Amino acid sequence: MIQKGKRRTTRVLVTKIGLDGHDRGSRIVATYLRDAGMEVIYTAPWQTIAAVVKLALEEDVDVIGVSSLATDHLLLPRLVAALREAGLAHVRVVVGGIVPPGEERALLAAGVSRVFHPGSSRDEIVIGVAALADEARGDALAEERA
């Protein structure tokens with residue numbers, strides 16, 4: 001729990017779910033976020049949804065960033081549902097990589113907060129993740145008070 005008047009460092013889990021092993025982009029984004037002052041928990045590729053949810057709970061993250069270059073973004077609705085089931089509905093999920101427009105709409109409708117496409121700038125990513133982390137912390141506090 002955050003003490004009154006103290007702001008906790010943003011905590012972001014950067015991961016790859018499924019069989020996509022292309023991790024160069026996720027390593028670059030993790031560096032962007034770290035250099036912006038965020039605490040980044042980085043996993044190796046090939047994570048399961050259950051492992052990501054467990055780590056999100058253990059590490060008390062605000063945002064989960066998933067990198068996808070080989071259609072593994074299609075697993076994200078299951079991740080969002082698993083987070084809700086684990087009592088982590090406040091955690092925001094973002095995806096970066098190649099996501100076709102029709103699939104992007106479906107991801108957003110399923111609860112994914114944001115899609116960062118190839119060419120997204122460092123500032124766009126950092127500012128977007130920071131804003132989502134603020135929302136997540138606000139929702140977590142509201143849930144605590146309820």
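Values in this text are rule-based calculations from the coordinates and carry no lab data. Just so you know, these numbers come straight off a predicted model, no measurement behind them. Every residue, glycine among them, receives a Cβ derived from its backbone with ideal geometry; neighbour counts consider all protein chains shown.
Condition first: touching a His at 6+ places or on another chain (Cβ under 8 Å), crowded, with 20+ Cβ neighbours inside 10 Å and in a helix (DSSP H, G or I). Can you find one or more residues in the stretch 95-111 that meet it?
Within the stretch 95-111, one or more residues are touching a His at 6+ places or on another chain (Cβ under 8 Å), crowded, with 20+ Cβ neighbours inside 10 Å and in a helix (DSSP H, G or I).
Restricting to the stretch 46-71, name every residue that is surrounded by 21 or more Cβ atoms within 10 Å (Cβ to Cβ) and either charged (D, E, K, R) or touching a Pro at 6+ places or on another chain (Cβ under 6 Å) (or both).
Within the stretch 46-71, just 62 meets the criteria.
Condition test on residue 26, is it in contact (Cβ under 8 Å) with a residue 24 or more places away in the chain, of a type outside the set (A, V, I, L, M) and assigned to a helix (DSSP H, G or I)?
In short, yes.
Report every pair of residues separated by at least 6 positions or lying on different chains whose Cβ atoms are under 7 Å apart, first residue within the stretch 71-96 and within 25 Å of residue 141 (Cβ to Cβ), second part of a helix (DSSP H, G or I) and among the acidic types (Asp, Glu).
Close Cβ pairs satisfying both conditions: 90/139; 90/143; 92/135.
Find all pairs meeting these conditions: Cβ atoms under 6 angstrom apart; at least six residues apart or on different chains; first residue within the stretch 120-133 and more than 11 Å from residue 38 (Cβ to Cβ); second residue small (Gly, Ala, Ser) and part of a loop (DSSP other than H, G, I, E, B).
From residues that are more than 11 Å from residue 38 (Cβ to Cβ), the pairs are 132/113.
Within the stretch 29-62, restricting attention to residues that are among the hydrophobic types (A, V, I, L, M, F, W, C), assigned to a loop (DSSP other than H, G, I, E, B) and without any contact (Cβ under 8 Å) to a residue 40 or more places away in the chain, which residue is nearest to residue 126 (Cα to Cα)?
The selected residue is 44.
For the stretch 112-128, how many residues are surrounded by 18 or more Cβ atoms within 10 Å (Cβ to Cβ) and of a type in the set (Lys, Arg)?
1
Of the conditions (1) within 12 Å of residue 16 (Cα to Cα); (2) surrounded by fewer than 16 Cβ atoms within 10 Å (Cβ to Cβ); (3) touching a strand residue (DSSP E or B) at 6+ places or on another chain (Cβ under 8 Å), residue 34 fails just one. Which one is it?
(1)
Checking the conditions here, which among 146, 89, 136, 131 is more than 23 Å from residue 20 (Cβ to Cβ) and buried (at least 20 other Cβ atoms within 10 Å of the Cβ)?
136
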